[in-house]
Amino acid sequence: MIKLAVFDVDGTLVEEGNKGFSEKTLLMLNQLQKNGIKVAIASGRPPFFVKGSLNKEFTFDYYVCVNGAYVADKNFKEVNRSPLSLEDVESLIKDFIKFDDAVMFQFDDAAYCYNGNKRITSMVSHWIGRIDVLVDHRKDRNRHLKDLPLGVVCNIDPAHMDYYQTKYPHLAFDAFSEDHYDIHMDNYSKADGVKIIADAQGIKMDEVIAFGDNYNDLQMLEAVGIGVAMGNALDEVKKVADYVAKNVEDDGTYYTCKHFELI
């Protein structure tokens, strides 16, 4: 019996660049909770990209953000937090400036661009559909001295990837688009975030259904009882999935929940 439903956001619950849920998606989310199933998101998005946007339409039971580095309950009370170290942050800043790769650091209040502002702004606008929480911080580059970031979003030239992955083997570089990556501590992933929620609720991982479409969803889909790839998912994601849904624009999550008689 499924007791927890977990959804990636971009490309799964909402179309890229779309802020809101479709009518059927919102109906599905409410019906899942009504049927006693806990509902969570597992996203590369930081908490500030969720607060005041996704939770305006629906209150999830749990939020897994920054690919597992941050887990919170429905009131955004922290359950887990795993920021980057000061040493790594300052080293990454130097490397991104040296190679002129674009980078923004994700803090509690906003995303701070330390290099490549035009590229970062274009990326955020495309994927999230809003740039009001993006700060051009190229002049000061000192926000990390107040508190440490949960993660990094960046655009890396392919010629530089071997350098970064060799120098930072303890960091995960999760691709979400060509040459675009989420960087976070390698000891946490969406799968780990889901496990934290399941343990807190006394739910077994085979009692979880999870939906995703991209590389950072692979471990999560493999770790749960039913792993669902969206119809618009990468082929690599579909290969590990137990079920392939319709595309996000065709309300694939809704019809999958109907298929498994969860709603």
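The values are calculated or read from the model by the stated rules, or taken from the named source; none is laboratory data. These figures come from a predicted structure and were not determined experimentally. A quick note on method: Cβ atoms are made from the backbone with ideal geometry, for glycine too, and the neighbour counts reach across all protein chains shown.
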State all residues of region 62-77 that are in contact (Cβ under 8 Å) with a residue 60 or more places away in the chain and of a type outside the set (Val, Ile, Thr); if no residue qualifies, say none. Tyr62, Cys65, Asn67, Gly68, Ala69, Tyr70
Just the residues that are of a type in the set (A, V, I, L, M) and either farther than 22 Å from Lys195 by Cα or over 20 Å from the mean Cα position of the chain (by Cα) (or both), please, taken from region 208-263. Ala233, Leu234, Val244, Ala245, Val248, Leu262, Ile263
Going by the conditions given, is Asn232 among the polar types (S, T, N, Q), in contact with a helix residue (DSSP H, G or I) (Cβ under 6 Å, 6 or more places away or on another chain), in contact (Cβ under 8 Å) with a residue 40 or more places away in the chain and assigned to a helix (DSSP H, G or I)? no
Test: residue in region 19-27 that is touching a Gly at 6+ places or on another chain (Cβ under 6 Å) and either surrounded by fewer than 18 Cβ atoms within 10 Å (Cβ to Cβ) or not assigned by TED's automatic domain parsing to the domain that holds Asp199 (or both): yes
Conditions (1) buried (at least 18 other Cβ atoms within 10 Å of the Cβ); (2) closer than 27 Å to Asp199 by Cα; (3) of a type in the set (Gly, Ala, Ser) -> Ser85 fails only (1)
When the residues of region 115-140 are filtered to those that are charged (D, E, K, R) and under 22 Å from Phe173 (Cα atoms), which remaining residue is farthest from the chain's Cα centre (by Cα)? Lys118
Which ones in region 26-48 are touching a strand residue (DSSP E or B) at 6+ places or on another chain (Cβ under 7 Å) and modelled with pLDDT of 95 or more? Leu29, Leu32, Gln33, Ile37, Lys38, Val39, Ala40, Ile41, Ala42
Among the listed residues Lys56, Lys51, identify the single one that is part of a helix (DSSP H, G or I) and modelled with pLDDT under 90. Lys56
So His180 ticks every box in (1) closer than 30 Å to Leu32 by Cα; (2) within 17 Å of the chain's Cα centre (by Cα) but one. Which box is left unticked? (1)
All conditions in (1) surrounded by fewer than 17 Cβ atoms within 10 Å (Cβ to Cβ); (2) over 22 Å from Asn30 (Cβ atoms); (3) touching a helix residue (DSSP H, G or I) at 6+ places or on another chain (Cβ under 8 Å); (4) not polar (S, T, N, Q) are true of Met220 except (1)
Just to check your reading of the model, which residue among Asp136, Asp61, Asp108, Asp100 is modelled with pLDDT under 95 and among the acidic types (Asp, Glu)? Asp108
Of all residues in region 94-106, how many are surrounded by 18 or more Cβ atoms within 10 Å (Cβ to Cβ), free of Cβ contacts under 8 Å to residues at least 60 places away in the same chain and either out of contact with any His (no Cβ under 8 Å at 6 or more places or on another chain) or outside the structural domain of Val152 (by TED's automatic domain parsing) (or both)? 4
Given (1) assigned to a helix (DSSP H, G or I); (2) outside the structural domain of Lys38 (by TED's automatic domain parsing), Arg141 misses just (1)
Is it the case, given these coordinates, that Ala159 is touching a Phe, Trp or Tyr at 6+ places or on another chain (Cβ under 9 Å), without any contact (Cβ under 8 Å) to a residue 12 or more places away in the chain and not β-branched (Val, Ile, Thr)? yes
